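The values are calculated or read from the model by the stated rules, or taken from the named source; none is laboratory data. These figures come from a predicted structure and were not determined experimentally. Here the Cβ positions follow ideal geometry from the backbone for every residue, glycine too, while neighbour counts run over all protein chains shown. Ligands, DNA and RNA are excluded from the accessible area calculation, which covers all protein heavy atoms including side chains. Shrake-Rupley method; radii C 1.70, N 1.55, O 1.52, S 1.80 Å.
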Amino acid sequence: MTRTPLMAGNWKMNLDHLEANHLVQGLAMHLRDNNHDYDKCEVLVIPPFTDIRTVQTIVDSEELNIKYGAQDVSIHDNGAYTGEISTAMLTKLGCTYVVMGHSERREYHSESDQLVGAKARKVLDAGMTPILCCGEALEVRKAGTHVEFVLSQIRAALENWSAEDVAKIVIAYEPIWAIGTGETATAADAQEVCGAIRQALAEDFGAQTAESTRVLYGGSANPGNVKELMAQPDIDGALIGGASLKAESFAAMCGFYA
Ligand code: PEP
């Protein structure tokens, strides 16, 4: 497989900068103890904005192979946008990934597919990798229309994108009913949607792009279920909330290949 698996820890609104320091030091230690092979799994932490400078300092000073990114970004370059953070501010801090379209932002900040697509565009243009989240609510899953729903979110966000650009992004499928609930989609449920995403990418952007684009699963992924999820042919990693807040469990998940 040419797609390097990615384990991405989304800290959400947890941990101040001192706690962030502690977690990254602990993560580095556990990865070292486990002889982590970064060619077999890329490791990414996604802290709150206020922690990023601290994470950068540790990563740089200790020459860690851990990548870091942001949970959101503005579509504007600068100016009168109180509370927003630009792509330039993130690249200056060494961020290489940015999440957009997380269900919590879609729900609490009314983010549309179009805005999510514009954020992804902005991030890619700034030289970082977008992690574009999608996923259905429980009612949609119960109605059996989850695949169409998820594909429509992705297609709306990536409308008019080139195949070359789509190949550079990461898509994270996160069924809302599985986020932070302890209720994981079965590996077969996750594969069904991740496989459909890859199939749709092949139809819309060609087989080569579909082969290159990484598709992650997210939703109560943990050290106990990660191996089975990662054994699925169209799952290239995980976006991990709760289990990424403990250095040992996150490091264990990064070592799923062992
Ligand atoms: C997430 O918020 O992206 C997530 C997957 O959270 P959790 O792992 O806690 O379900």
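List of remarks:
- Share of carbon and sulfur in the accessible area of the chain stands at 51%, probe radius 1.4 Å.
- Region 132-193 - convex hull of alpha carbons, volume per residue in Å³: 88
- Placing a pseudo-label 7 Å from each Cα along the Cα-to-Cβ vector at D165 and E63 gives an inter-label distance of 3.7 nm.
- Relative to the current alpha-carbon distance between E148 and N35, full extension at 0.36 nm per residue lengthens the span by 36.6 nm.
- Close Lys pairs in region 1-139 (alpha-carbon distance under 25 Å; sequence gap of 8 or more, or different chains): 10.
- Radius of gyration and Dmax over the Cα atoms of region 130-250, both given in Å: 13.9, 42
- Per residue, the chain reaches -12500 deg cm²/dmol at 222 nm when only DSSP H runs of four or more residues are counted, each adding -39500 (n - 2.57).
- Size of the chain as Cα extents on the principal axes (Å, biggest first): 47, 46, 34
- About the Cα centre, charge dipole magnitude for the chain (Lys/Arg +1, Asp/Glu -1 at Cβ), debye: 160
- Ranking A178, T129, S110 by how far each Cα lies toward the positive end of the dipole of the chain (charges on Cβ) leaves T129 at the top.
- Using a Förster distance of 45 Å, the FRET efficiency for Q114-D16 (Cβ separation, nearest 0.05): 0.85
- The alpha-carbon atoms of region 1-45 define a convex hull whose volume equals 63 cubic angstrom per residue.
- Here region 22-91 yields Rg over Rh of 1.06, to two decimals, using C-alpha coordinates and the Kirkwood radius.
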